[in-house]
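*Asks:* Quick one: the structure is below, questions incoming.
Please treat every number below as a calculation from the coordinates, not as lab data. Please read all numbers here as calculations on a predicted model, not as lab measurements.
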């Protein structure tokens with residue numbers, strides 16, 4: 001009897017864990033995504049920087065002329081989120097594009113709670129957002145963790161204190177070469193945030209909010225230090241380093257929590273709108 005009960009509880013827990021996932025990539029093109037690259041207008045995917053091939057979202061610079069010239073870019077998913085669990089895999093490939101800053105070698109990232117790409121000024125470098133930073137190892141024997149937190153125009157609370165450090169290192173292993181690395185990001189609005197690398201929680205912090213520096217040429221009307229970041233857009237980076245992304249999926253954790261509703265979800269943790277027949 002106990003074994004049957006355990007199996008039922010386990011099956012229910014497993015079903016709750018697996019339900020609600022949505023693929024963010026259709027596998028063939030960038031439908032549902034918007035590009036914004038520094039020095040170019042929003043929607044201008046200059047040089048086909050972001051492209052989908054064989055079901056993989058690729059970041060490439062083979063159509064760029066001249067040096068990199070700080071053409072930092074971001075590809076934004078068109079739907080904003082507040083509470084969510086995002087899962088994806090990434091791998092670094094190829095060589096750093098000539099003229100890219102040294103710090104961008106084997107460096108990319110995932111931005112969340114970002115401002116709308118349509119509010120970025122043409123020459124703004126980074127969106128006001130929080131970043132889950134991806135890095136790969138450079139030298140054998142030297143640690144270079146991935147899944148770090150960086151904060152363009154933002155601050156977070158880390159270990160109970162407001163931390164204005166631009167980047168906070170995670171406790172992840174160092175990954176070398178072009179191996180695929182699984183990254184997960186769990187965000188509870190403007191409260192808890194968790195970074196997970198290959199199934200291991202490597203960093204936790206809380207209360208993302210506007211503040212700090214590390215963003216240039218932005219619209220000062222939207223920058224209000226101390227404002228909690230409760231929701232926003234998700235974006236993938238292009239910084240001069242070729243990179244691939246695949247299996248990009250998200251689970252919205254905000255939704256109807258009433259079992260009597262037609263759109264009820266057992267995985268929701270934040271109340272949302274309910275629908276009834």
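*Asks:* Is it possible to state the helix-based mean residue ellipticity at 222 nm for the chain, with each DSSP H run of 4+ residues giving -39500 (n - 2.57), the sum divided by total residues, to the nearest 500 deg cm²/dmol? What is it?
*Replies:* -2000 deg cm²/dmol
*Asks:* Any chance you could run the full-extension gain for residue 22 through residue 44? It's 0.36 nm times the residue separation minus the Cα-Cα distance, nm to one decimal.
*Replies:* Full-extension gain reported as 5.3 nm.
*Asks:* To continue, here is another question. Under 8 Å for C-alpha pairs, at least 6 residues apart: give me the relative contact order for the chain, rounded to a whole percent.
*Replies:* Reported as a whole number, the value is 25 percent.
*Asks:* Using every Cα-Cα pair within segment 183-277, state what percent have a distance larger than 17 Å.
*Replies:* Considering segment 183-277, 68 percent of its Cα-Cα pairs are separated by more than 17 Å.
*Asks:* Have a look at the DSSP beta bridges in the chain and tell me what percent are antiparallel, nearest 5.
*Replies:* Percent antiparallel among DSSP bridges in the chain is about 95.
*Asks:* Shifting gears a bit: Using only the alpha-carbon atoms, how far is helix 2-18 inclined from the longest principal axis of the chain? Give it as 0 to 90 degrees, nearest 10.
*Replies:* Result, in degrees: 30.
*Asks:* OK, next. Taking the Cα atoms of the chain, what is the range of coordinates along each of the three principal axes, in descending order and whole Å?
*Replies:* Result for the chain: principal-axis Cα extents of 69, 45, 42 Å.
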